[in-house]
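Asks: Okay, handing you the structure first.
The values are calculated or read from the model by the stated rules, or taken from the named source; none is laboratory data. Quick caveat: nothing in here was measured; it's all calculated off a predicted structure. Heads up, the Cβs are rebuilt from the backbone with ideal geometry, glycines too, and the neighbour counts pull from every protein chain shown.
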Amino acid sequence: MNRSWKPSAGPTTLSPRLEQWRRRGETLQLGGHRLFYRQAGAGPPLLLLHAYPTASWGFHKMWPALTERFNVIAPDLLGSGFSDKPAADIYRIEALADQVEALLAARSIEQPHVLAHAYGVTTAQELLARHQERGQRGDEARQVHHLHALAPEDPLQVEVLDVERA
């Protein structure tokens, strides 16, 4: 059995909004693979971790409001969006967290707030566990917000939901 992954032909053109998203992004080489990400805004750092099988584009409706208040960075984890989709074993939670840590280090971002959706929540949990294992005090960690399910008592989630309604 041939286990090598071959990309599908896919669409030859993207919607104008999605093409604009791609053009405004950058890539980082990680272990021979391209990791796509978007970064914009000013203020405290905010890391957005997407669900699966989506990508950073899933945050596009809230992007303008978030970038007004935060330095937002949103990767397409390997296997998603505009990042490479290698056949290698890079899709474990530990490997995804490694990718995020490498991106944050390359961009000189320390202790970001984290907004994670669905599958991104498990990556965020791994990052938080690593933060604690390194002996960094938990009260020094930035806030972590999960959009896995509605949690109306979470002020950032309420704000994000209000942004999406606007």
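Asks: Among the residues that make up segment 49-70, is at least one of them part of a strand (DSSP E or B), on the phi < 0 side of the Ramachandran plot and modelled with pLDDT under 95? Outline the logic, then answer.
Replies: Going residue by residue through segment 49-70, those that are part of a strand (DSSP E or B) are 49.
In the following step, the residues that additionally are on the phi < 0 side of the Ramachandran plot were identified as 49.
Now narrow it down to the ones that are modelled with pLDDT under 95: 49.
Yes: one or more hits.
Asks: Search segment 108-139 for residues being among the aliphatic types (A, V, I, L, M) and assigned to a helix (DSSP H, G or I), and hand back the single one that is surrounded by the most Cβ atoms within 10 Å (Cβ to Cβ). Give the derivation first.
Replies: Taking segment 108-139 and keeping what is among the aliphatic types (A, V, I, L, M), we get 109, 114-116, 118, 121, 124, 127-129.
In the following step, the residues that additionally are assigned to a helix (DSSP H, G or I) were identified as 121, 124, 127-129.
Details: V121: 19, A124: 22, L127: 24, L128: 17, A129: 11.
The extreme case among them is L127.
Asks: Scan segment 89-107 and tell me whether some residue there is within 14 Å of the chain's Cα centre (by Cα), of a type outside the set (S, T, N, Q), in a strand (DSSP E or B) and surrounded by 16 or more Cβ atoms within 10 Å (Cβ to Cβ).
Replies: no
Asks: Test of understanding: among D76, D89, D84, which residue is within 16 Å of A116 (Cβ to Cβ) and of a type in the set (D, E, K, R)?
Replies: Just a single option satisfies the conditions, and that option is D76.
Asks: Shifting gears a bit: Might you let me know whether segment 18-28 holds any residue that is in contact with a His (Cβ under 8 Å, 6 or more places away or on another chain) and surrounded by 14 or more Cβ atoms within 10 Å (Cβ to Cβ)?
Replies: Scanning segment 18-28 turns up at least one residue that is in contact with a His (Cβ under 8 Å, 6 or more places away or on another chain) and surrounded by 14 or more Cβ atoms within 10 Å (Cβ to Cβ).
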